[in-house]
Amino acid sequence: MKKAIILSAGQGSRLGHLTADSPKCLIDFGGRTLLDRQLDTLAANGVEDAVVVTGFRDDKIEEALARRAGGPRVRTVFNPFYKVADNTGSLYMAREHLVGDVLVWNGDTMVSRELMAKVVGNDQPGICVTIDRKDAYDSDDMKVVEDRGQLRAIGKRLDEGVNAESIGLLAFRAGGAERFRDAIEQAMRTAEGTTIWYLRVIHHLAQQSEIWTLDISGEQWGEVDFPEDVESARDLVRGWAA
């Protein structure tokens, strides 16, 4: 696994003043931006190339990337439709990079290096969704129904049978990326194409063919969606530093 696509086009408006003039991937966490921490984690696990999909204040992201030292090699893809096409639009803009073995990672999620090692080291072919488990799931969780490692359903509106959540990190191997790319292209040609999340595309694929899951229960990760998530994530990275 030598390549990753990071989806960092959104503003993160639910974070209020923190993202009024800067995307949330540039919020500071212990002296490193969220995006820097993602790239550092990839480099530590042997991922050599990263494609960062930008949108809101892409100029600031470009400036931040220009200041980086060390790997991985980074190129950017600008999504001019980030306000209306959600992250399916971001993947559509970066679809030429959905080839071979590749990770797709939400730009608002941090994971430990140990967690990423499990994802990179997993050799499940096809499409694999990284999942975690907890006692209860709320309306903002990307809920999952899985059975013996196979994904049956994924979405925020699921009610019955939910037994996991997606952490926003997927691995594609052995033709999985190409299958996903074709599905993204088809989705963007539908009437709802600009309104759906890419995991909705994964849900539809799961009704037709095998989609796998990787359970990383017990590993450390954090998602930054709301102001209260920022301090939780800062606590997380303080623990990693210690």
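Only the coordinates and a few stated rules stand behind these numbers; no lab work does. All values derive from a computational prediction rather than experimental measurement. Positions of Cβ are backbone-derived with ideal geometry, glycine not excepted, and every protein chain shown enters the neighbour counts.
More than 21 Å apart: what percent of Cα pairs in segment 111-242 qualify? Cα-Cα pairs in segment 111-242 separated by more than 21 Å: 45 percent.
Basic side chains Lys and Arg get +1 at the Cβ, acidic Asp and Glu get -1 at the Cβ, and with that the dipole of segment 1-117 about its Cα centre reaches some 40 debye.
Note on the chain: dipole from Cβ charges, positive end direction compared against THR195, ALA94, ILE127; the farthest Cα belongs to ALA94. Classify segment 42-99: rounded, prolate or oblate, from the alpha-carbon gyration tensor (a ≥ b ≥ c, eigenvalue square roots; a/c under 1.5 rounded; otherwise prolate if a/b is larger than b/c)? Oblate is the answer for segment 42-99, as a/c is 1.5 or above yet b/c matches or exceeds a/b. For segment 155-228 versus segment 5-69, the inter-centroid distance based on Cα atoms is 21 Å. Residues CYS128, CYS25 in ascending order of nearby Cβ atoms (within 10 Å, fewest first): CYS128, CYS25. With neighbour counts taken as other beta-carbon atoms within 10 Å, the residues TRP240, TRP212 rank, fewest first, as TRP240, TRP212. Farthest towards the positive end of the charge dipole of the chain, among the residues ILE27, ILE61, ILE211, is the Cα of ILE61, using unit charges on the Cβ of Lys, Arg, Asp and Glu.
The mean sequence separation of alpha-carbon pairs under 8 Å and at least six residues apart, normalised by the residue count of the chain, gives a relative contact order of 24 percent. Each of ARG234 and ASP21 was given a label point 7 Å from its Cα along the Cα-to-Cβ line. The distance between the two points is 2.0 nm.
The gain in end-to-end length when the GLU192 to ALA69 segment is fully stretched comes to 40.2 nm, 0.36 nm per residue minus the alpha carbon separation. Once you have a ≥ b ≥ c as the square roots of the Cα gyration tensor eigenvalues for segment 3-241, tell me rounded if a/c is under 1.5, and otherwise prolate or oblate according to whether a/b is larger than b/c. The shape class here is rounded.
Ranked by how many other Cβ atoms sit within 10 Å of their own Cβ, fewest first, the residues HIS97, HIS17 fall in the order HIS17, HIS97.
With the helix formula -39500 (n - 2.57) applied to DSSP H stretches of n ≥ 4, the chain reaches a computed 222 nm mean residue ellipticity of -9000 deg cm²/dmol. For the chain, the dipole from Cβ point charges (+1 on Lys and Arg, -1 on Asp and Glu) about the Cα centre works out to 580 debye, to the nearest 20. Lysine pair count for the chain (Cα-Cα distance under 29 Å; residues 8 or more apart in sequence or on different chains): 25.
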